[in-house]
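Everything below concerns the one structure shown next.
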């Protein structure tokens, strides 16, 4: 266990990185929320997406491409930030088209639950570092679990599943991305460098996005 003085020194050392990560994350969430609410008032883009599902698939693939680009260490901060912001716009469009199928109370409930989980497990992540546990070894196992979950979500397109099984997968999804929050926080504090700001902000953003969409999909 780190003593309180050592933990405070660590936080002070990472202060600039933490400010960059969370300010970028908040800005990204604001952009996504703005796009979602804008589309509710201006339905032209939503109508275009509804007219041909290939547009939504194209946006999804562009998003995956951006995630791949942001994994590069050769890009400047400004370039990464622009790609990150563009990714937020894409997700706002996709969420906006998705949101129209859910009542307002369901969306609000999913949002509150997502915020609660993120804040809770973020605190757990800081606590894990305080007790001096290095969780970086979990990365490969979390990646395999994520790929398995992705395969499950793709299978839903072709194979209808029973309600009870869907509920079980919902719990697994929430648990997985909650652990990702702890893991991302652990890596951020123990291994993070200032140049990795956007990468960490993207990790948290994807955690939040996946938890939120899991709650919506559970309805």
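The values are calculated or read from the model by the stated rules, or taken from the named source; none is laboratory data. None of the values given here were measured: they were computed from a predicted structure. Don't worry about glycine lacking a Cβ; one is built from the backbone with ideal geometry, like all the others, and counts go over all protein chains shown.
Of all the listed residues (47, 3, 52), the sole one being without any contact (Cβ under 8 Å) to a residue 24 or more places away in the chain and more than 18 Å from residue 96 (Cα to Cα) is 3. On the basis of being within 25 Å of residue 217 (Cα to Cα) and surrounded by 18 or more Cβ atoms within 10 Å (Cβ to Cβ), does residue 64 make the cut? Considered against the rule, which asks whether it is within 25 Å of residue 217 (Cα to Cα) and surrounded by 18 or more Cβ atoms within 10 Å (Cβ to Cβ), residue 64 comes out as no.
Conditions (1) buried (at least 16 other Cβ atoms within 10 Å of the Cβ); (2) in contact (Cβ under 8 Å) with a residue 24 or more places away in the chain; (3) assigned to a helix (DSSP H, G or I); (4) touching a helix residue (DSSP H, G or I) at 6+ places or on another chain (Cβ under 9 Å), marked per residue:
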| residue | (1), (2), (3), (4) |
| --- | --- |
| 109 | no, yes, yes, yes |
| 119 | no, no, yes, no |
| 125 | yes, yes, yes, yes |
| 159 | no, no, no, no |
| 172 | no, no, yes, yes |
| 176 | yes, yes, yes, yes |
| 184 | yes, yes, yes, yes |
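Candidates 75, 10, 18: the one that is outside any helix (DSSP H, G or I) and surrounded by 13 or more Cβ atoms within 10 Å (Cβ to Cβ) is 75.
Tell me whether the range 51-59 contains one or more residues that are outside any loop (DSSP other than H, G, I, E, B) and closer than 16 Å to residue 203 by Cβ. No, the conditions are met nowhere in the range 51-59. Can you confirm whether the range 142-157 contains a residue that is at pLDDT below 90, over 23 Å from residue 15 (Cα atoms) and outside any helix (DSSP H, G or I)? The answer is yes, given that some residue of the range 142-157 is at pLDDT below 90, over 23 Å from residue 15 (Cα atoms) and outside any helix (DSSP H, G or I).
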